[in-house]
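Reading through the C-alpha cells given below for one structure.
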Amino acid sequence: MNRLTIKKAVIDNQELIAIKRYFTNLSSEANMHFQSVFIDFEGYDDVLEQVYEVKEIRTWVSSLFDAFPYLLYFITPLYNNDLLLIACLCDTETFIDAEHLKTNQEYDQQHIDIFLTAPHMALDLKMKRSNYEHINMALQRFQYLSKDRHATPIIMNRLESNISII
C-alpha cells in the first residue's frame, strides 16, 4: 500500500505538479499498482467539516480527476478511500446513524478508529451523469492500455453500488 499524505499547503496552493508526476509514473506500471494508493489530507484536524465538504479539497480533487480521470484504478477501497475522493466530486449528504453511534471511549475499547472508518456515518452521493460517464470511459481506455481486463468492472460496480447518478 502506498500512502500519500497531501499537506494543507498543497491544497491551499492547488498544487498538482508532484502528484501528477507520481500518477504518471504509476501509470507506466499500472498492473502493479491496482488499488494500491491511499490518499489522506494533513492539516485539517481543526476543521469541523468532513474532507469532502472542504471547498479547497473538493476543487483540488476535481482537478486531480481532470488530469487523471482513471484515478480510481489506483485508489484503494480500504477505509472507503475511493469513496472519500468520489464524494468530493458529488453532491454529498452525510447522515448520522444514531443506532451505531458510540462514545469515544466505546470506540477506543473496541479498537475502532472513528476517523478512518466512521461506522456511525452514511453518505448519500449524487454524481452527475456526465462525470460518471467520463470516469467510466477513461477507465475503459486505461484498462485497454494497461491490459488489465478486470479492473473497470470491479471499480464501476463499486461506484454504482455507492452513488446515485443524476
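Laboratory data are not the source of any read-out in this text; all were calculated from the coordinates shown. Everything numeric in this text was worked out from a predicted model, so none of it was measured. Don't worry about glycine lacking a Cβ; one is built from the backbone with ideal geometry, like all the others, and counts go over all protein chains shown.
Which residue fluctuates the most in the chain, going by a Gaussian network model with Cα springs under 10 Å, if the choices are Asn81, Asn25, Asn136?
Asn25
GNM on the chain, C-alpha springs below 10 Å: top fluctuator among Asp66, Asp108, Asp148?
In the Gaussian network model the winner is Asp108.
Taking the number of other C-beta atoms within 10 Å as the exposure measure, put Phe74, Phe95 in order starting with the fewest.
Working: Phe74 24, Phe95 10.
If I rank by nearby Cβ atoms, fewest first, I get Phe95, Phe74.
Asp124: net charge of surrounding residues, Cβ under 10 Å, Lys/Arg +1, Asp/Glu -1, itself excluded?
Overall, the nearby charge balance is -1.
How much net charge surrounds Asp46 when only other residues with a Cβ under 15 Å from its Cβ are counted (Lys, Arg +1; Asp, Glu -1)?
With Lys, Arg at +1 and Asp, Glu at -1, the net is -4.
With springs connecting C-alpha atoms under 10 Å apart, model the chain as a Gaussian network and identify which of Met137, Met127, Met32 has the largest mean-square fluctuation.
The residue that fluctuates most here is Met32.
Please compute the modelled spin-label separation between Asp45 and Met1, points set 7 Å along Cα→Cβ, answer in nm with one decimal.
With each label point 7 Å from Cα toward Cβ, the separation is 2.0 nm.
Note down the net charge around Trp60, summing +1 for each Lys or Arg and -1 for each Asp or Glu among other residues with Cβ under 15 Å from its Cβ. Display every interim value, and only then the final one.
Values: positive: Lys7, Lys8, Lys20, Lys55, Arg58; negative: Asp12, Glu15, Asp40, Glu42, Glu49, Glu53, Glu56, Asp66.
Overall, the nearby charge balance is -3.
Under the 0.36 nm per residue contour assumption, what length would be gained going from the current alpha-carbon distance of Ser36 and Ala67 to full extension? Before the final figure, lay out each step's value.
Values: separation 31, 0.36 × 31 = 11.16 nm, distance 1.87 nm.
Between Ser36 and Ala67, full extension yields 9.3 nm more.
In straight Cα distance, which lysines are under 22 Å from Lys7, not counting same-chain residues fewer than 8 positions off?
The qualifying lysines are Lys20, Lys55.
Given a Förster distance of 25 angstrom, what is the FRET efficiency for Arg21 paired with Arg141, based on the Cβ-Cβ distance and rounded to 0.05?
0.75
Determine ³J(HN,Hα), in whole Hz, for all residues of the range 134-150 in sequence, where each value follows from phi through the Karplus function 6.51 cos²θ - 1.76 cosθ + 1.60 and θ = phi - 60°; x replaces Gly and Pro.
Working through the residues one at a time gives 4, 5, 4, 5, 5, 5, 5, 5, 5, 4, 5, 5, 7, 6, 9, 6, 9 Hz.
For the range 1-68, which GluC sites (Glu not before Pro) pass both filters: DSSP loop (anything but H, G, I, E, B) and at most 10 other C-beta atoms within 10 Å?
For GluC sites (Glu not before Pro) across the range 1-68 that sit outside H, G, I, E and B with at most 10 neighbouring Cβ atoms in 10 Å, the list reads Glu29.
Using the Kirkwood formula on the Cα atoms of the chain, what hydrodynamic radius do you get, in angstrom to one decimal?
Taking the inverse mean of 1/r over all distinct Cα pairs, the chain comes out at 16.8 Å.
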